[in-house]
Amino acid sequence: MTAAPPAPFFSGKILVADDSSGDRAVARTILQGAGFAVIEACDGQEALEVAARERPDLVILDVVMPRLGGLEVCRILKARSLGEFLPVLMVSTRTAVPARVEGLRSGADDYLGKPYDAAELQARAEVLLRTRSAFSAQVHGPSPRPPSTQVEPAPAAEPLKAMADEFERSLRYSDPLALLRIELDDAVSSEDPRRDQAHAIVTAGLRKIDLAQRRSDGSALLLPSTHFPGALAVAERIIRGGRRVGLSLSVGVSFFPSKDTNTFEDMVAVAEASLARARADGGKICLFQYQGYLYAPEDATP
C-alpha cells in the first residue's frame, strides 16, 4: 500500500460500510489522513441506518456484506436521495469487468478494487465529492427557478431536441438515463385546465438538469444520471401528487442503457409502449428496462 498523498483543499463526511474490520481500518486511515471525516458501518442494514442519521457526503460500500448487500444498499440510497446527488463508491475484491458493470448498473458512481491503493482511494473520493459539490451548487444556486416556472415556455421542438442531445451525451459517456411519459387517464380536451394542473405536478421539484416537454397528450420528462430506483421514486411522486388533487395519472418509463434503447427514438417508443400498458388499468407505473415492471403506488403520503 502506498503512502497517502497530501490532504485535499476541501473536506467531507464519508461513510465506509464494510463487514471486514481490517478493510474499514485501512480505508479510515487513508481517508482521515487525507483530511476527511469518516463514519463506519459493519453491514448493509447498518449502512442505511447510519446514512439516514449522519447524512454523509459520500458512501463507500463493500459489495458483499451480511444482512443487506452493497448493491441493494446502493439502490436504496439512490432512491432515497431523489433531488440530491449522493455519490456511491462501490469496492470489492471482485474486479473483473462483469462485477464492475453489475456495480455500476446498481447505481454506483464508481467502482474500486481491493486491497486499497491510498493515492487511488483518495483521488476517487475527491472526484466524487467535487462532483457532489458542483451538482449541489447547480441545484441550490442563488437564483433557482420557482417550481411553477422550472420549465421555460418553448416551442415543442426545443425540449425534444434538448432531450435528444442529452441522450447522445449519455451514449458517449455511458451515463444512465430515464424517460417518463405521463398522461391523464381520462380523455380531456386540449382546453381542459386539468392538463395545466397535471403538468405542474410533473414539473414540481425537478432538478435543473432534468428536461420536461409539454405535449398535447400529456408530458414527457427526461432524467439524466437516473437509474431504475430514482425513476420509480419520481413516477410515484407524480402519481401520488395527482391523486391528492383528484387526478388519475399513468406513467410509462424507459431506460438507457438497455438492450431495447440504442437510440433516442427507441427510448421514446419504449416509453410510449410502457405508458399504454400502464393506462390499461389506470393510475399505474410501467417501467421497462430488461423486462416490463408494472407497479401500483400505495396511497400513503410520499
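Cα-Cα over 32 Å: which of 13/284; 208/259; 78/259? Each step should come with its number before you reach the end.
Values: 13/284 38 Å; 208/259 28 Å; 78/259 23 Å.
In this structure, 13/284 lie more than 32 Å apart at Cα.
First measure r as the distance between the Cβ atoms of residue 215 and residue 133, then evaluate 1/(1 + (r/R0)^6) with R0 = 35 Å and state the FRET efficiency to the nearest 0.05. Intermediate results must be reported in sequence, preceding the final value.
Numbers: r = 35 Å, r/R0 = 1.01.
The pair residue 215/residue 133 has a calculated efficiency of 0.50.
Run the quick spin-label model on residue 174 and residue 208: label points 7 Å from Cα toward the beta carbon, then report their separation in nm to one decimal.
2.9 nm
From the phi angles alone, apply the Karplus equation (6.51, -1.76, 1.60; θ = phi - 60°) to the range 178-184 and give each ³J(HN,Hα) in whole Hz, x where the residue is Gly or Pro.
Values per residue, Gly and Pro as x: 10, 10, 10, 10, 10, 9, 5 Hz.
Only residues of the range 12-35 count here: report those whose backbone N is under 14 Å from the spot 7 Å along Cα→Cβ of residue 67, or say none.
The answer is 17-20.
Hey, what do the phi angles of the range 41-56 turn into as Karplus ³J(HN,Hα) couplings, whole Hz, using 6.51/-1.76/1.60 and θ = phi - 60°, x for Gly and Pro?
9, 9, 7, x, 5, 5, 4, 5, 5, 5, 4, 5, 7, 9, 6, x
What nm distance separates the two modelled labels at residue 162 and residue 185, each placed 7 Å from Cα along Cα→Cβ?
So the two model labels end up 3.1 nm from each other.
Taking amide hydrogens as modeled 1.01 Å from N in the peptide plane, which residues meet the under 5 Å criterion relative to residue 91, leaving out close sequence neighbours?
Here 61, 62, 63, 112 satisfy the definition.
Karplus couplings for the range 275-286 from phi (6.51 cos²θ - 1.76 cosθ + 1.60, θ = phi - 60°), rounded to Hz, Gly and Pro as x?
Once θ is set to phi - 60°, the couplings for the range 275-286 become 4, 4, 5, 5, 6, 4, 9, x, x, 10, 10, 10 Hz.
Would you please give the FRET efficiency between residue 32 and residue 281, computed as 1/(1 + (r/R0)^6) with r the Cβ-Cβ distance and R0 = 41 Å, to the nearest 0.05? Mind showing how you got there, number by number?
Working: r = 53 Å, r/R0 = 1.29.
Efficiency computed from Cβ-Cβ geometry: 0.20.
So for 21, 216, 274, 106, fewest C-beta neighbours within 10 Å to most, what's the order?
Ordered from fewest to most neighbouring Cβ atoms within 10 Å, 21, 216, 274, 106 come out as 216, 21, 106, 274.
How far apart, in nanometres, would the label points at residue 258 and residue 105 be if each is projected 7 angstrom from Cα along the Cα-to-Cβ direction?
Each label point is offset 7 Å from its Cα along the Cβ direction, giving 1.3 nm.
Rule-based calculations on the coordinates, nothing more; no lab input. Computed from a predicted structure; not experimentally measured. Methodologically, a virtual Cβ is constructed for each residue, glycine included, from the backbone with ideal geometry; neighbour enumeration extends over all protein chains shown.
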